Amino acid sequence: MAMAKYSRVDGRKSSSYCSTAVIVVFVAFCLVGIWMFMSSSVVPLENSDLSSQETRNEAKQTLQEGVSKQFDDTSGDISEDATREGGTMPGKVSLNTDEESRKSVEENQEENHGNDSSDEKTDSENEQRTVDGDDGSGNGKDGEMDSREGESNLESGQAENEGGEMNNNVQAESEENSGEIRSESAEGGKNSDEEVSEDKIKHVDKEDISTVDNNEKNQDGNSEPSAIENSAESEENNQTSNEILPTAAQSEILTESTTQNGAWSTQAEESQNEKKWQQASISNEENDHQWKVCKSTTGPDYIPCLDNWQVIRKLPSTKHYEHRERHCPSEPPTCLVPLPEGYKRSIKWPKSRDKIWYYNVPHTKLAEVKGHQNWVKVTGEYLTFPGGGTQFKNGALHYIDFLQQSVPDHIAWGKRSRVILDVGCGVASFGGYLFERDVLAMSFAPKDEHEAQVQFALERGIPAILNVMGTKRLPFPSSVFDVVHCARCRVPWHVEGGKLLLELNRVLRPGGYFIWSATPVYQKLPEDVGIWQEMSRLTKSMCWDLVTVKKDRLNAVGAAIYQKPASNDCYNKRSKNAPPLCEESDDPNAAWNVSLQACMHKVPEDSTERGSLWPVQWPERLEQPPYWLNSQIGVYGKAAQEDFTADYNHWKTVISESYLKGMGIDWSSVRNVMDMKAVYGGFAAALKDLKVWVMNVVPIDAADTLPVIYERGLFGIHHDWCESFNTYPRTYDVLHADHLFSSIQNRCKLVAVIAEVDRILRPEGKLIVRDKAETISAVESMAKSLQWEIRMIYSKDGEGLLCVRKKFWRPTVEEPIKSAIV
């Protein structure tokens, strides 16, 4: 009993001792736990990632419902959650989110407010990472990954999001509260620590959509930008700091020949598309191309097809200006044209009409020769343009009004007369001031002793090309210009049976006008009188009607205005077939590298034929399908008029919802635009409300739709993109290529085409590419090798969209161009 009692007492003592020990241990664990909790709030990244991931998973569910509706749109609009600016690896997508997505995110973030601070801290560290195809950044589902030093989400324990697809090679996107205001990063070789653009982003399930950091690094991270480049970049930052980031619906990329019914893609399709991206092959020559600077006699003004001195020196004759025609080298150059020393970003329109930077076009010869005629003057660091010309020393506007007053019911600038051809344009002041009358002028002049006249025009923001009235047809269809104008253009119209004037007859619309303002019209010198008599005989035999001869007393000049017949009655009544009518087999629309013919084509008289009726007045003609698009099948397979309307609606949507809002482009600084593969001109038509002009280029191997473009009051030109374009370097602000590169890659090397793009695009200019996914990958790779900035990239169902910005970077190694050295 005693033992039992003792045992009970001893047991109570032992229990008390144990309780004390347990309490001590418990307190110790609490202290350790508190210490670990305080440490974890600063150190572990996985916790921040997880909480951020949970927030995104909740937001994603909200987004997916809206996304599926966006993909149901039959126009092929891309969902509104997919756009993001910045560079990516080939095969991936970098797009900005729309405001609706951000609002949804912010609502979810309010519920998870405690996670925001850790997200922001983690993302601010991840902000400095670069984007590169080999950087080893992790694999993940729809959500973002905040991994460091190349760790993948799988390695850090990130789980798959609901229904998400694995997006390879994706780096984290920095998150801040609004993400709606974008600041551009510094130029040149600046490191990515200068990046200031941080955007809220979300991923979308079941689409090949992913986001990555905005990569502003150049290939050569050690190169320093010039002072000029920095100043231009600073200007760009000021101009675009308030731009709204793009939305997904704004990034529609499907072509008119395809439709989307809105069904989500299958895993098999997604995997196949991913493999295509990963396996996109780029030739070693293009992928590893080492860029060099072109060394030529013309230096910064090098034009490959007009500076081929190896061929020019061997020409048997230059009587017909053969030396001013195109003579392309057998192999197009793959080097980069140097910048003029002191080059600056071009002055904005409309100020550029009156002045440009001298160092951008550092030529003074024209100012010395034509300064007294108010063509151009040197004024400090500027070249100024008083608006004069040989025939309008007192200003182009007075001259323009003088012409209309001469035949007010016939000319009607901006209504009946919308698209004109200005031959021997000089610095194109005539065309520049016609914009005030709603008229588009295709101005051209040769690259001749009037140094840089066309370059002046383009730098001013006025449409112009390099061409000559020589031995070849002009690169335009027949019967497309409402008016042809020649003011002292120095073309001998009357010689050799009027062959050159007959070429104007080919491109002039039936019922259109030829305005000839030259000394034979108003001077009585023997030579002038003789030329006038010859022109009178020639024009009469061509059945042109001399409408009027008027004198401008202010400028002391005169103009003769002729009208081309609108029927064949006069042709049939001629006593002599001189100039002869062309053979029926002679195609008047064949214009690429075709020799001139001294003959006239009959005027179409069937009301269903193009040219038989005058177009409706501007601006109605822009949107109305041409009357002669009746029984044809359109480019996209529909009836032609339906095709035309669908194309226009397509581009109106793309322009308004994507290009104007979602490319990060400051359109107020854009003036000269080129559509490198135009179809019906829908892209240009959709830009009609902006202060831009668009050069519509119809490739020679594409459907010849250029007459449609002219019919709607726009203009354009035929061209072969395996050769250089007839323009000076650095003349366009935006180049647009819709399925161009994939269509010509079997005929010419992509590296040469990209070199030409670099030649004609201004520093800070933008290239927008819509093409097959593998082609987008190849172009992106070459853009990176040029140290261009990848502004946006997107892919879906084998199609892609890319926007890049050219920088001021030039290589240091030169490549002599033997054909271009005198």
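Shown in residue order for the range 492-503 are the 3J(HN,Hα) couplings computed by the Karplus curve 6.51 cos²θ - 1.76 cosθ + 1.60 at θ = phi - 60°: x, 4, 8, 7, 6, x, x, 4, 6, 5, 5, 5 Hz (x for Gly and Pro). For Leu554 paired with Asn746, estimate the spin-label separation in nm (one decimal), with each label point 7 Å from Cα along the Cα-to-Cβ line. Result for the modelled spin labels: 5.8 nm.
Just to confirm the filter: which GluC sites (Glu not before Pro) across the range 442-508 are DSSP coil and have at most 13 other Cβ within 10 angstrom of their Cβ?
Hits after loop and neighbour filter: Glu449.
Using the Cβ-Cβ distance between Val822 and Leu31 with R0 set to 60 Å, the FRET efficiency from 1/(1 + (r/R0)^6) comes to roughly 0.10. Taking each residue as 0.36 nm, the span from Thr297 to Arg490 lengthens on full extension beyond its C-alpha to C-alpha distance by 66.8 nm. Computed over protein heavy atoms with a 1.4 Å probe, the carbon and sulfur contribution to the accessible area of the range 440-543 reaches 53%. Return the FRET efficiency for the residue pair Gln404, Glu534: r is the Cβ-Cβ distance, R0 is 45 Å, and the value is rounded to the nearest 0.05. After rounding to 0.05, the efficiency reads 0.95. For the range 747-813, the solvent-accessible area of protein heavy atoms averages 17 Å² per residue (probe radius 1.4 Å; ligands and nucleic acids excluded). Atom-type composition of the exposed protein surface of the range 714-809 places 46 percent of the accessible area on carbon and sulfur (1.4 angstrom probe). Taking trypsin sites (Lys or Arg not before Pro) across the range 676-714, the ones in a DSSP loop with at most 16 further Cβ atoms lying within 10 angstrom of their Cβ are Lys688, Lys691. Computed with the Debye formula from one identical point scatterer per Cα of the range 494-567, without solvent, the log10 of I(q)/I(0) at q = 0.18, 0.20, 0.25 Å⁻¹ comes to -0.72, -0.87, -1.22. Measuring nothing but alpha carbons in the range 564-716 and taking Rh as the Kirkwood radius, the Rg to Rh ratio lands at 1.04. Taking amide H atoms as placed 1.01 Å from N in the peptide plane, list the residues 5 or more away in sequence, or in a different chain, whose amide H sits under 5 Å from that of Arg791. Here the answer is Gly86, Cys803, Val804, Arg805, since their amide H atoms fall under 5 Å of that of Arg791. Taken per residue, the accessible surface of the range 486-529 reaches 35 Å², heavy atoms only and a 1.4 Å probe. Solvent-accessible area assigned to carbon and sulfur over the range 371-423 amounts to 47 percent, based on a 1.4 Å probe. Under a 5 Å amide H cut-off, with hydrogens placed 1.01 Å from N, Glu799 pairs with Ala773 among residues at least 5 apart or on other chains. Counting charges near Ile420 (Lys, Arg +1; Asp, Glu -1) among other residues having Cβ under 12 Å from its Cβ returns a value of +1. For the pair Asp606 and Asp586 in one chain, pulling the backbone fully straight at 0.36 nm per residue adds 5.3 nm over the alpha carbon distance.
Once the C-beta distance of Tyr359 and Asn572 is scaled by a Förster radius of 51 Å, the resulting FRET efficiency is 0.30 to the nearest 0.05. Amide H contacts under 5 Å for Asp704: none, restricted to partners 5 or more places along the chain or on a different chain, H placed in the peptide plane at 1.01 Å from N. Loop-only check: which trypsin sites (Lys or Arg not before Pro) in the range 546-621 are DSSP coil with at most 12 other Cβ within 10 angstrom? Counting only loop positions with at most 12 other Cβ atoms within 10 Å, the trypsin sites (Lys or Arg not before Pro) in the range 546-621 are Arg553, Lys576. Karplus-derived 3J(HN,Hα) values for the range 416-429, using 6.51 cos²θ - 1.76 cosθ + 1.60 with θ = phi - 60°, are 6, 9, 10, 10, 10, 10, 10, 8, x, 6, x, 8, 6, 5 Hz; glycine and proline are entered as x.
Backbone geometry of the range 468-485 corresponds, through the Karplus equation with coefficients 6.51, -1.76 and 1.60 at θ = phi - 60°, to 3J(HN,Hα) couplings of 9, 7, x, 10, 10, 5, 5, x, 10, x, 7, 6, 10, 8, 6, 9, 10, 10 Hz, x marking Gly and Pro.
Here is the P(r) of the range 754-822: all C-alpha pair distances, binned every 5 Å from 0, give 4, 15, 25, 21, 14, 10, 7, 3, 1, 0, 0 in whole percents.
The values are calculated or read from the model by the stated rules, or taken from the named source; none is laboratory data. None of these values were measured; they are calculated from a predicted model. We place every Cβ from the backbone using ideal geometry, glycine too, and count neighbours over all the protein chains shown. When the accessible area is computed, the model is the full protein with side chains, heavy atoms only, and any ligands, DNA or RNA have been set aside. Shrake-Rupley method; radii C 1.70, N 1.55, O 1.52, S 1.80 Å.
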